[in-house]
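What follows is a single structure, written as structure tokens, with notes after it.
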Amino acid sequence: MIKRTINTVAAILIVLGIYVLVVKAGWLPSPSMIFKPAPVLIDQTPILINEIRQVSQLVSITAFDEVVVSTVKPAPVGSARQLLHLVTPTAGLALDHLVLVVKGTVQVGTDLGGLSDQQVFASGDSVSLTLPAAKILQVTANPSGTETFIEEGIWLPAEVNTLKLKAIEQLKARAIEKGLLHKADVQSLQVMQHFLKALGYTRVRVVTSQ
Amino acid sequence: MGKIKHYGYTLLMVLAVSCQSRQERVQQVLAITEMGELATTEYSITKIVKANDNQTWYKIGDRKILISVEATIKAGIDLQSVRPQDVIIDGKKISLQLPEPRLISMTIPPDKIKVAYEEVGIFRMQFNNAERDALLAQGEKQITSAIAETGIYATTEKNVRQFLTAFLKKLGYDQITISFGKQPANPFKQ
């Protein structure tokens, strides 16, 4: 009986040993690979151009920022979380949480679209330019920069979008708080001064209209 | 008695782990870059992100999803890189050599992402947000790699030319030549 058991164990160990060697050689997938879900790849689809717009924006500052946004909602009736709440009445348990870490960029600069003849004046080697005040031109928080940190329960796309829009508002607010509008004003002046000097003007006056 | 103690300790441990406060992530500004990009063109585009999750052998049934995405692409030129040697002036005539147009931003506003269709087998779970974002990130890559094919850079050249011509006319020039990329010959040389 003992001999039979030893033989069985030895056979199992030999088979396992062979399997390990074969996996190491790359001839068979490892157990973790066998149960690894296949990646979901999207199909190649065309791009449709809806609209082409002409803009005249001087992007003078780009800030890369990261914000954390979260939201909760009551767990649906009959869900495991809600049933657990009935047994252990802890306040947080019956709530579904969604926490996102959103990396985004805020582009700040000057809209040159409305430059009037009165704002540009040149005479000989002198030039004077009055720029409009800087503003936030674009906030980008794309899916590739969004990390879902906690996702409990089922969250509909519309609910997630509301939270992402909240992140965009936070990115905007933080850019203003950090004084990026002023920094963009200064940078826009420098860029235009540099450009006008490159055009050959020796006396350059660039100011921001406030 | 020993068994009760054992279960009691386990329960306490589970409670201690589940009741610990969620770790707050530190919010910080990662970087601020000073630049001088003149954006002149904005394209609004639509793309359908199409995926079929049926490749995992041990999962019964499949999941299909179609997401409609609207993105905004902005292109322009780097105005900061214009140097005095890129400018040739001859009286009221001016020739400018500008850098090649480039992509300034590609933005997918969250409110422009719509799940158009979703089909989930009875043994499968719905796509969650992390999975949807992973699919959209692939869509972003496809958009970025196809940007040149949209013709945005040619439009940008046209728009830059239009904007700078108007600007240089305000400065008093009446013959304006603008070129992109490689160094042009002096257009005013006889």
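Which of the chymotrypsin sites (Phe, Trp or Tyr not before Pro) found in region B:96-163 are in a DSSP loop and have at most 15 neighbouring Cβ atoms, other than their own, within 10 Å?
B:F123
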Checklist entry - GNM, chain A, Cα, under 10 Å: largest mean-square fluctuation among A:P37, A:P143, A:P76? => result A:P37
Checklist outcome for this item: Sparse-neighbourhood loop hits (trypsin sites (Lys or Arg not before Pro), region B:25-134; DSSP loop; Cβ within 10 Å at most 14 others) -> B:R25, B:K92
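Using a Förster radius of 35 Å, what is the FRET efficiency between A:S128 and A:A173 based on their Cβ-Cβ separation? Nearest 0.05, please.
0.50
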Next on the checklist: Which of A:H85, A:H182 has the fewest other C-beta atoms within 10 Å, and how do the rest follow up to the most?
Outcome noted: A:H182, A:H85
Next on the checklist: Filter chain A for me: DSSP H helices, axial length by Cα at least 27 angstrom, mean Kyte-Doolittle hydropathy not below 0.0. List them by residue number.
Outcome noted: A:2-25
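To one decimal place, what orientation-averaged projected area in nm² is obtained for the convex hull of the Cα set of the protein assembly as shown?
On the way: hull surface 126.2 nm².
It is 31.6 nm².
Let me know the shape class of region A:54-208, please: from the alpha-carbon gyration tensor, a ≥ b ≥ c as square roots of the eigenvalues, rounded when a/c is under 1.5, otherwise prolate if a/b is greater than b/c, or oblate. Let's see the in-between values first.
Values: a/c = 4.78, a/b = 4.34, b/c = 1.10.
It is prolate, given that a/c is not under 1.5 and a/b is the larger ratio.
Laboratory data are not the source of any read-out in this text; all were calculated from the coordinates shown. This one's a predicted model, so the numbers in the text were calculated from it and none came from an experiment. Positions of Cβ are generated from backbone atoms using ideal geometry, with glycine treated the same way; all protein chains shown enter the neighbour counts.
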